[in-house]
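Worksheet: one structure, shown below.
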Amino acid sequence: MRRRLIDAGRVGRALTTGLRGASGQDRVQRRRALLRFGALAAVLVLVLSVVGPVLAQAQDGNPYTTTDPKSPEGGMIQGLYRLIFWMGVVVFVFVQFLIVYTAMRFKRRRNQNTRPNQVHGHRTLEITWTVIPAIVLLIIAVPTISTIYSTYAASDDTEGATVVEVYGKQWWWEFHYPGMGPVDAQGNPTDLITANEVRVPEDQKVVFKLYSNNVIHSFWIPEMTGHMDVIPGHERRLSFTPETSGTYYGECAEFCGVAHAWMRFIVKVQPRADFDTWTTAMNQPPGAATAAYSRNGDVASAPTAFGRCLQCHAITGVPNAAQAGIAADPTSYSAGPNLTLLGCRDALAAGLLENTPENLAVWLLNPGHVKEGNYMYAVDSGIKNQGEEGALSPDDVNYLVAYLESLKPEGGCPENGTANGNMNVDALADNAAPVSTPAPATPAATPVGGTPVATGGAAPTGPVMLEGYDIGWTQKELTVPVGGTIDMYNSGVLEHNFAVEGYNDATPVDLPTGGEHVMWTVPADLPPGTYTFYCTVPGHRAAGMEGTITITAP
Ligand code: CUA
């Protein structure tokens, strides 16, 4: 510090008093040196001024660029960067000039054998170089603080905005549009829920409310605006007005565990009409194409192969036990991405793979290889890699691929938006390391998992069949006489229980996995009448595992 002051004093003195007492030879040498320095500086400035714009240009069109914002809010932040950058350039050039000039001007000469005069301090200079940085900081601080406050204020005001609740998961994103989902049994609108692909209308403010029930994530759409941390126990907000229709890419910007780098998402900005078409489609059950893969041709009944998926994954119009949002237990597998209209999405596994039948098969065959650490693979009842116990059979995978890719609305996918930039999902498929990739499935004439044996109704001469699957009963209406037999079995991978409401709720009939048949005789103390039967496993009744049983006189 002391030395700097001494040197600075010398510079100051020289600058304020000018060249004095230097010999003619010295002057010529110095002039040459300054000339060389000047030429060098000119070349440097030239190179910077050419390379800078070229680099910036190369960034435009890059899906993760921040230099070409597509919203006014992004523009404000970019404006701050530009201000700071150019002020930085001025300071840099000025300081570099002073350093080089001083070094050359005051270096020790060959014929100089005495130590130069040591000067301590220079009041004018010291005041100057305290005041200039203070002014520089002030110029930066005023617009920065005003930008911070105006963006916060904008995200607090949801008037006229599209509100999207975002739940950061490990390692994917869930999006809720409050009140825009299907109407529930009580007539109340529910949330429209989707995952890893969020759509917003063009030229309308969107307010993202950010939540997490696990670890800290950070929600970032680089082309739109800055990122915002997603903190458990807090509601954070981020808002902007997307100005240009197109497809944009987002990612998690806070290290959040094994698959943090694969926690990406797609943002589709669409004209209002296209957005409305999409929300309407999202609220419909799967289209007729899906029926070919469903149980008994009923789109509301997922195929048997999908049974275990239903515990974690929801599809609008298909009963399931999956939980969503904060309600979903972050440490259990019972919370996976909503798969409604999966056939229309661009990417799989949170932006890791392009959505093609081949990639979907790779993902289902070896989820742990494709995306290390993912919960679908990691948990006990999860889907294992091929060769491990609990893995899906290749036949089931084929069937699931066909079923999932068929999840499109009647008349095809809603307007998808124009691609803007390239997420380069193709290249990422190399990461998949597939063991074997089956050909895409063809529709099966009958559902996999066995044709239902009986459809209920009166069966006076033999036992009445009742099949439980994941998650539902194949027969919804049973008629059995007192003393008659119900032949039950479970074709799913989850445990189910059978109970007649008000009769044996506490002592239900266990239906173990594995398809073992369990005979149940209607006891004499169950008087004739119509009852509700259901599965007592928590969540299963709500997912649709109930029906009516009519007990007739013996
Ligand atoms: Cu979530 Cu990183």
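Any read-out appearing in this document is the output of simple, stated calculations on the displayed coordinates, not a laboratory observation. Because the structure is predicted, anything quoted here is derived from the model rather than measured. We place every Cβ from the backbone using ideal geometry, glycine too, and count neighbours over all the protein chains shown.
Only lysines eight or more places from Lys205 in sequence, or on another chain, were considered; those with a Cα closer than 16 Å are Lys70, Lys268. Of the chymotrypsin sites (Phe, Trp or Tyr not before Pro) found in the stretch 63-100, those that fall in a DSSP loop while having at most 16 other beta-carbon atoms within 10 Å are Tyr64. Using only the C-alpha atoms, the convex hull of the stretch 254-339 corresponds to 142 Å³ per residue. Each label point was placed 7 Å from the Cα along the Cα-to-Cβ direction; for Glu501 and Thr277 their separation is 4.2 nm.
Residue-normalised convex hull volume from the C-alpha trace of the stretch 194-339: 121 Å³ per residue.
Among 154-161, 243-250, what's the highest-first ranking by average C-beta atoms within 10 angstrom per residue?
243-250, 154-161
As a proxy for reagent exposure, ranking Glu388, Glu126, Glu202 by other Cβ atoms within 10 Å from fewest up yields Glu388, Glu126, Glu202. A protection proxy built from the mean count of other Cβ atoms within 10 Å ranks the segments 356-369, 472-485, most packed first, as 356-369, 472-485. With all projection directions averaged, the alpha carbon convex hull of the stretch 105-261 covers 18.2 nm².
Mean separation of Cα pairs under 8 Å and 6 or more residues apart, divided by the residue count, gives the stretch 367-408 a relative contact order of 22 percent. For Lys209, the aspartates and glutamates whose Cα comes closer than 13 Å to its Cα, not counting residues fewer than 8 places off in the same chain, are Asp156, Asp157, Glu165, Glu174, Asp229, Glu235.
Computed extension length for Cys413-Ala553: 45.1 nm, one decimal, from 0.36 nm per residue of separation with the Cα-Cα distance subtracted.
By counting other Cβ atoms within 10 Å of each Cβ, how are Tyr167, Tyr149, Tyr489, Tyr503 ranked from fewest to most?
Tyr149, Tyr503, Tyr489, Tyr167
Length available on full extension from Phe85 to Asp156: 0.36 nm per residue minus the Cα-Cα distance, which gives 22.6 nm. Taking other C-beta atoms within 10 angstrom as a stand-in for reagent exposure, Phe255, Phe240 fall in the order Phe255, Phe240, fewest first.
Normalised by 2.2 N^0.38 Å, where N is the number of residues, the alpha-carbon radius of gyration of the stretch 266-412 equals 1.03. Less than 20 Å from a label point 7 Å out along the Cα-to-Cβ axis of Arg109: which backbone N atoms in the stretch 28-53 qualify, by residue? Counting only backbone N, you get 28-37.
Per-peptide packing, taken as the mean over residues of other Cβ atoms within 10 Å, places 394-401, 139-146 in the sequence 394-401, 139-146 from highest down.
The lysines whose alpha-carbon is closer than 19 Å to the alpha-carbon of Lys371, local same-chain residues fewer than 8 away aside, are Lys169, Lys384. With a/c under 1.5 counting as rounded, go ahead and sort the stretch 353-394 into rounded, prolate or oblate using the C-alpha gyration tensor (a ≥ b ≥ c being the square roots of the eigenvalues; past the cut-off, prolate if a/b is larger than b/c, else oblate). Oblate, because a/c is 1.5 or more while a/b does not exceed b/c.
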